[in-house]
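The values are calculated or read from the model by the stated rules, or taken from the named source; none is laboratory data. Owing to the predicted nature of the structure, the values given are computational and were not obtained by experimental measurement. Cβ placement follows ideal geometry from the backbone for every residue including glycine, while neighbour counts extend to all protein chains displayed. These accessible areas exclude ligands, DNA and RNA; they are computed on the full protein's heavy atoms, side chains included. Shrake-Rupley method; radii C 1.70, N 1.55, O 1.52, S 1.80 Å.
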Amino acid sequence: MKSYSLFYFLFSALLPSFLFAQSRYSADVIIYGGTSAAITAAVQVKKMGKSVIIVSPDSHLGGLSSGGLGFTDTGNKEVIGGLSREFYHRLYEHYQQDNSWVWQKKAEYGNKGQGTPAIDGTNRTMWIFEPHAAEKVFEDFVKEYTLTVHRNEWLDRSAKGVSKKGGKIRSFRTLSGKLYSGKMFIDATYEGDLMALAGVTYHVGREANSVYNEKWNGVQTEVFQHGHHFKAKISPYKIENDPSSGLLPEVSAEPAGAYGSGDKRIQAYCFRMCLSNHPDNRIPFAKPAGYDPARYELYARVFASGWRETYDKFDPIPNRKTDTNNHGPFSTDYLGKNYDYPEASYERRKAIIKDHELYQKGLMYFLQNDPRVPADVRDKMQQWGLPKDEFTDNGNWPHQLYIREARRMVGEFVMTEADALGKTKVPNPVGMGSYALDSHNTQRYVKADGYVQNEGDIGVHPDRPYSIAYGSILPKAKDCQNLLVPICVSSSHIAYGSIRMEPVFMILGQSAATAAVLSIDNKISPQKLPYEKLREVLLKDQQVLER
């Protein structure tokens, strides 16, 4: 009995220390996020011989790249290098296998891509793909490089969440109580939560054009560049042309704002729905909880005006599926319902995400069933449903909302419109972009003439591919000296409209990791890292920096 008591005493005394030790983790580089940028960053750290931990709030890796965005926004593919290009090469290898073509033959696939064939045999890359195929590539990276990934670990965003000393992050804590310490940190989230909690300066919303001498930033009333606007005169009122009846759902009562002025609005979010029209792999859309057909009355009026572009963004991906994106004046973009998302609590974000899901599921149910929808549209829409073999643990619904824009850092260098249009030579490039300055609509309002209109849709093509400055992934030294930010980069709203593409995020993730490791090796902050050292390694690793 005495020996048992002694054992119990020792066990009780040591248990708290054991548990405390178990909840502390350290590595040379700590990456917060589970996005495509997070995975490429971690691979690069391991390739350079350092230890790394991915602390992911998500259980599924890859962000939008594995979350439904399979019709890749690439721009000029020649400027996509390094691990980003490796990702698309691995997808090419996947689709070279006969067993990857389950619901259609490879020869039946139309091979439509953005600017080049989806399957680029010359460059051995595949730019159009299914969500599960992309997720497999990211998981293969994890296995091959023996990456340590802690999933479902959410940053504690309270005052005790981050510990800093001497301008550097020492550690951060997650809600589960785990503590992560490192020499360098990378915030690879769409929201920039670690960046913000570390005291880094950031911006949310659109800057006025006057801030950076831009043209396409700020409020853009009566500017229509993608066709995502009301082309006919549509009344926004419950009783047509009767303001006293009140506004229809999905129309803001707020004024649009002065042209070119700044505001806190951000471009709309949506889910990039993966749909299937194969009878054996299709789940019909059921009426979602709380479905109210009245919220889609504007869409019915658009159809009544003669609009017939329903399927213009049902972009084909392999196996009789689509990457379905927003198109037209009333579509999957949920305008005005995300303004508070960037800085919202986790609970509020969860509610916003659910609201987006119910809006889109309701939209699809409306298109398939409502008698106000033209019969030919209803009949065709009924051929589509959610694929049984995608997002199988989430009711076949995408696990990632398209966070097109949230916080944007104000760092050592701010990328602006002129830079993203290829009109300048930026200092110390760490990657390239080439896609159009692409902002989705930010609001739906009532014009002075009493009709409804959307605002914020911009699509301006650059003169040429452009370089992205190293300083745009670096906080100001006074803010933090051991953090890199490859997604919420230092950029104006409209420049971010081009930078915000998944291939670019992977490029910047790799470059951020390279800078982090070199900073450790040279015992200096990333802000003081000699650029030539960084450039040498980036070029060796097949990054494309300038043209």
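Values computed for the structure shown
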item: Helix-only CD estimate at 222 nm, as mean residue ellipticity for the chain, using -39500 (n - 2.57) per DSSP H run (n ≥ 4); result: -8500 deg cm²/dmol
item: Global geometry of region 374-503, whether rounded, prolate or oblate, following the gyration tensor of its Cα atoms and the 1.5 cut on a/c; result: prolate
item: Efficiency of FRET between Ala448 and Lys425 - r from beta-carbon atoms, R0 45 angstrom, step 0.05; result: 0.55
item: Full-extension gain in nm, Lys238 to Tyr145, via 0.36 nm per residue minus C-alpha separation; result: 27.7 nm
item: Qualifying lysines (Cα of each under 26 Å from Cα of Lys423; at least 8 residues distant if same chain); result: Lys77, Lys215, Lys476
item: Carbon/sulfur fraction of accessible area - the chain, other protein chains in place, 1.4 Å, %; result: 52
item: Most to least accessible of Ser244, Ser181 (protein chains only, probe 1.4 Å); result: Ser244, Ser181
item: Most to least packed among 51-59, 29-37 [average Cβ atoms within 10 Å]; result: 29-37, 51-59
item: Antiparallel DSSP beta bridges within region 395-503, as percent of all bridges there, nearest 5; result: 90
item: DSSP beta bridges in the chain [antiparallel fraction, %, rounded to 5]; result: 65
item: Relative contact order (%) - criterion: Cα under 8 Å, at least six apart; region: region 311-435; result: 13
item: Average Cα contact separation per residue, the chain, under 8 Å, 6 or more apart, as relative contact order %; result: 22
item: Residues of type lysines that Lys231 reaches as a straight line, Cα spacing below 20 Å, ignoring anything fewer than 8 places off in the same chain; result: Lys313, Lys447
item: Surrounding net charge for Phe413, when Lys and Arg each add one and Asp and Glu each subtract one, Cβ distance under 12 Å; result: -1
item: Linear extension gain, Thr201 paired with Ser163, 0.36 nm per residue minus alpha-carbon span; result: 12.0 nm
item: Label point distance in nm, Ala286-Lys337, each placed 7 Å from Cα along Cα→Cβ; result: 2.0
